Amino acid sequence: MALREEVAAILARATDLPLETILGAPDVDTLGLDSLSLYDVLFELEKAFLLEISDEEAGQLHTLLDFEALLQRKLAEAAVVERST
């Protein structure tokens, strides 16, 4: 499963919305996530990808593409660190 679809699946579980709705949403705000639900999503992403998302980074996540870009960057950084150890 591609990263975008994995993120969308986690968002779909948190919002009880169909995956197609998540993939078609212009931004996360339109999905009706309250702050607690958003933190649940962030926790699930951290657990699924074995990384940490700071509050500052979380505040910049507005679209599915934002989530995808952040995770790609963090996964690339983790791979660099892993290779250097």
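The values are calculated or read from the model by the stated rules, or taken from the named source; none is laboratory data. Just so it is clear, the structure is predicted and the values come from calculations on it, not from any experiment. Counting neighbours? That spans all protein chains shown, and the Cβs are built from the backbone with ideal geometry, glycine included. Surface areas here come from the heavy atoms of the whole protein model, side chains and all, with no ligands, DNA or RNA. Shrake-Rupley method; radii C 1.70, N 1.55, O 1.52, S 1.80 Å.
Here are some notes:
- Restricting the range 32-85 to GluC sites (Glu not before Pro) that sit in a DSSP loop and have at most 15 other Cβ atoms within 10 Å of their own Cβ leaves E52.
- Using alpha-carbon coordinates, inclination of helix 64-84 to the longest axis of the chain, degrees: 20 degrees
- Based on Cα contacts under 8 Å between residues 6+ apart, the chain shows a relative contact order of 32 percent.
- Order of exposure, largest accessible area first, which applies to K74, K47 with probe 1.4 Å: K47, K74
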